[in-house]
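Peer 1: One structure follows; several queries about it will come next.
The values are calculated or read from the model by the stated rules, or taken from the named source; none is laboratory data. Given the structure is predicted, the values throughout are model-derived calculations rather than measurements. Here Cβ is always computed from backbone atoms with ideal geometry, including for glycine, and neighbour counts include all displayed protein chains. SASA here: full protein model, heavy atoms, side chains in, ligands and nucleic acids out. Shrake-Rupley method; radii C 1.70, N 1.55, O 1.52, S 1.80 Å.
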Amino acid sequence: MRTRAGHPDVLYLVKPSEDNNELRYSLRSLHNLNHGRVFIAGYKPSWVDSQIEHIVAVQTDKKYENVRNNWLAALHDPRLSDNFVLMNDDFFVMKPTNEVPTLRRLKDIDHYISLFSKVDGSSYYVETMRSARDLLKSWGFDDISSYELHVPMLFNKQKLLALLKLLPADYP
């Protein structure tokens, strides 16, 4: 895997499983993206290339606990660049791309809460959108966009750590 100096690292938060063809194909697709090093936080399948760096994180049988553990381990790892691209195992870069664009949904978060509430208003997805909206409003934000598009996203470690410090300990 070829890295490109001056470009952000790539981070995957990976579930504990050897059977992950999506990750295999996503990693292959990175040849289409200008990027620095590639990191996996959480479980690193045995078949993953040795050039991909591993960030060890405690894994349990609880999905969202693992995601949180993977995030925290990655954000505290000094090897990961300050600005990095978050990839999921089912993200694929299909054509040559210089940088990851910042994308968001067209309407504000209330629109999507209303829309998804019609399908299942008590789902974890809708509940966490409501919770995020309410928390942001309590912090004084009124115009809240939704970035929930299931696409690669550029993050800054220090800003994300500062945000996480503001969250209540029991925040989902």
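Peer 1: Take the cross-link list K118/K159; K62/K157; K44/K137; K95/K137 and give me the ones stretching past 32 Å between alpha-carbons.
Peer 2: Among K118/K159; K62/K157; K44/K137; K95/K137, the Cα-Cα distance tops 32 Å for K118/K159; K44/K137; K95/K137.
Peer 1: Choose one of A169, S131, S145: the residue whose Cα lies farthest towards the positive end of the charge dipole of the chain (beta-carbon charges +1 Lys, Arg; -1 Asp, Glu; about the Cα centre).
Peer 2: Working it through, the farthest residue towards the positive pole turns out to be S145.
Peer 1: Figure the gain on full extension for L135 and S117 (residue separation times 0.36 nm, minus the Cα-Cα span) and round it to one decimal in nm.
Peer 2: 4.6 nm
Peer 1: How long are the semi-axes of the ellipsoid equivalent to the chain, from square roots of 5 times the Cα gyration tensor eigenvalues, in whole Å, largest first?
Peer 2: 28, 19, 17
Peer 1: For the pair L106 and H76, what calculated FRET efficiency results from E = 1/(1 + (r/R0)^6), where r is the Cβ-Cβ distance and R0 = 45 Å, to the nearest 0.05?
Peer 2: For H76 and L106, the calculated efficiency is 0.80.
Peer 1: Excluding ligands, DNA and RNA, what is the solvent-accessible area per residue of the chain at a probe of 1.4 Å, expressed in Å²?
Peer 2: Each residue of the chain exposes 61 Å² on average to a 1.4 Å probe.
Peer 1: For region 80-126, what is the convex hull (Cα atoms) projected area averaged across all directions, in square nanometres?
Peer 2: Directional mean of the projected Cα hull area for region 80-126 stands at 5.7 nm².
Peer 1: Would you calculate, for the chain, the mean residue ellipticity at 222 nm contributed by helices, counting each DSSP H stretch of 4 or more residues as -39,500 (n - 2.57) and dividing by all residues, to the nearest 500?
Peer 2: Calculated mean residue ellipticity at 222 nm is -10500 deg cm²/dmol.
Peer 1: Enter the Cα centre distance for the pair region 10-62 and region 109-130, rounded to the nearest angstrom.
Peer 2: Cα centroid to Cα centroid, the span is 30 Å.
Peer 1: Using Cα-Cα distances under 8 Å and only pairs 6 or more residues apart, what relative contact order does region 27-75 have, in percent?
Peer 2: 32
Peer 1: Can you give the Rg to Rh ratio of region 1-83, both from alpha-carbon atoms, with Rh computed by the Kirkwood formula?
Peer 2: When Rh is taken as the Kirkwood radius, the ratio is 0.95.
Peer 1: I'd like the FRET efficiency for D19 and S50, computed as 1/(1 + (r/R0)^6) with the beta carbon distance as r and R0 of 25 Å, rounded to 0.05.
Peer 2: The formula returns an efficiency of 0.80 here.
Peer 1: Write down the percent of antiparallel bridges among all DSSP beta bridges whose residues are both part of the chain, to the nearest 5.
Peer 2: Bridges in the chain that DSSP calls antiparallel: roughly 30 percent.
Peer 1: Tell me which residues come under 5 Å, amide H to amide H, from L33 once H is placed; ignore anything under 5 positions away on its chain.
Peer 2: Correct list: T97.
Peer 1: What is the extension gain from N156 to T128, computed as 0.36 nm multiplied by their sequence separation minus the C-alpha to C-alpha distance, in nm to one decimal?
Peer 2: That works out to 7.9 nm of additional length.
Peer 1: Using a/c under 1.5 as the rounded threshold, could you call region 79-172 rounded, prolate or oblate? The axes a ≥ b ≥ c are square roots of the C-alpha gyration tensor eigenvalues, and prolate needs a/b larger than b/c, oblate otherwise.
Peer 2: Note, shape of region 79-172 comes out oblate.
Peer 1: Right, here's the next one. Normalised by the residues of the chain, what does the relative contact order come to in percent, with Cα pairs under 8 Å and at least six apart?
Peer 2: 25
Peer 1: May I pose another question? Rounded to the nearest 20 debye, what is the charge dipole size of region 20-100 about its Cα centre when +1 sits on each Lys and Arg Cβ and -1 on each Asp and Glu Cβ?
Peer 2: Using Cβ point charges on Lys, Arg, Asp and Glu, region 20-100 gives about 80 debye.
Peer 1: Could you rank E127, E53 by how accessible they are, 1.4 Å probe, largest area first?
Peer 2: E127, E53
Peer 1: Moving on to the next point. Amide H neighbours of M153 under 5 Å, at least 5 residues apart or on other chains, H built in the peptide plane: list them.
Peer 2: Residues meeting the amide H criterion: L86.
Peer 1: Heavy atoms only, probe 1.4 Å: what % of the accessible area of the chain goes to carbon and sulfur, would you let me know?
Peer 2: So the carbon and sulfur contribution to the accessible surface is 54 percent.
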